[in-house]
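To start, the structure under review is shown below, and the notes come after it.
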Amino acid sequence: MSTIFPKWTNGLPTMIAGGTVGTLALVVGVVWYTFTPAYWAVGYMPKQPGGGFNHQIHAGKLGMDCRYCHTHVESSSEANIPSVKTCFGCHAEGKLQVYNDSDAHKGKTAFIREAYAEDQPIEWRRVHKVADYVRNFPHHAHVAAGVSCLSCHGNIARMPEVWQEESLSMGWCLDCHRNPEKNLVPKDQVTRLFDVEDLFKAENEAKRIDNGKKFYEERRLAAPENCGACHY
């Protein structure tokens, strides 16, 4: 008597089970990767007024210190943005000696003078922001500990427009808190991004970590890992 189904159908349950498990694993893998800040936050670069503040020129070519604009970074959780008055101090007509003689530059910075004349703030769009359920990142504590701006923001002085360099995820933060020595630099170099960039080169890693361990002990640091340190 002939069989109703061909012999190969005996393997169908195994193939279906294998396909189901494989599909579920693929779905979990895709969600695991794409639903994280490392995927959708890194590289975030919103459109800014006037084409954005060019850190490559200001912090890079002109050598302006981060604290000239972000004046509260050593005393506040927030790295404040400068007021229009600060921008206007350099970009008032006839004041800035570098680039200001070109019509292109005058046109690009006209929005600053317009905002100042109208007594209105410049609506810069925020690039770096932790989740709402996390308290604001305490900049003053990290600067005091000797964590360079470069560790979190990348070398801003190389960016024509600022983008998000790191994920700012909880795992990324905890990795630093568990191994902080790799991000500790001499305190007088925290905002000197090109110097820190040299320290972070692969050939200097061993020396950097050794120095970081010394800084950790000398500064009596205790990077917290408990939930309440950030979620309160």
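Some points to look at:
- Shape summary: the range 154-232 maps onto an equivalent ellipsoid whose semi-axes, from the alpha-carbon gyration tensor, are 22, 19, 11 Å in decreasing order.
- For the residue pairs K47/K108; K47/K182; K85/K108, alpha carbon separations beyond 22 Å are given by K47/K182.
- For the range 83-158, the spherically averaged projection of the C-alpha convex hull amounts to 7.3 nm².
- Each of T14 and H177 was given a label point 7 Å from its Cα along the Cα-to-Cβ line. The distance between the two points is 4.9 nm.
- With each label modelled as a point 7 angstrom along the Cα→C-beta vector, the V31-D132 pair spans 2.3 nm.
- Rg and Dmax of the chain, based on Cα coordinates, read 25.2, 102 Å.
- Rg [Å, one decimal], Dmax [Å, integer] - the range 1-58, C-alpha atoms: 25.7, 88
- Cα pair distances in the range 152-194, grouped into 5 Å bins until the bin that holds the longest one, percent each: 5, 19, 22, 25, 20, 9, 1
- Label-point gap, in nm, between C227 and A202 - each point 7 angstrom along Cα→Cβ: 4.0 nm
- Scaled to the globular estimate 2.2 N^0.38 Å, the Cα spread of the range 63-189, given as radius of gyration, is 1.24.
- Listed peptides 25-31, 194-200, 35-41 by packing density, highest first (mean Cβ within 10 Å): 194-200, 35-41, 25-31
Read-outs: derived from the displayed coordinates by stated rules, not from any lab. All values reported here derive from a predicted model rather than from experimental measurement. All Cβ positions, even for glycine, are placed from backbone atoms using ideal geometry, and neighbour counts span all protein chains on display.
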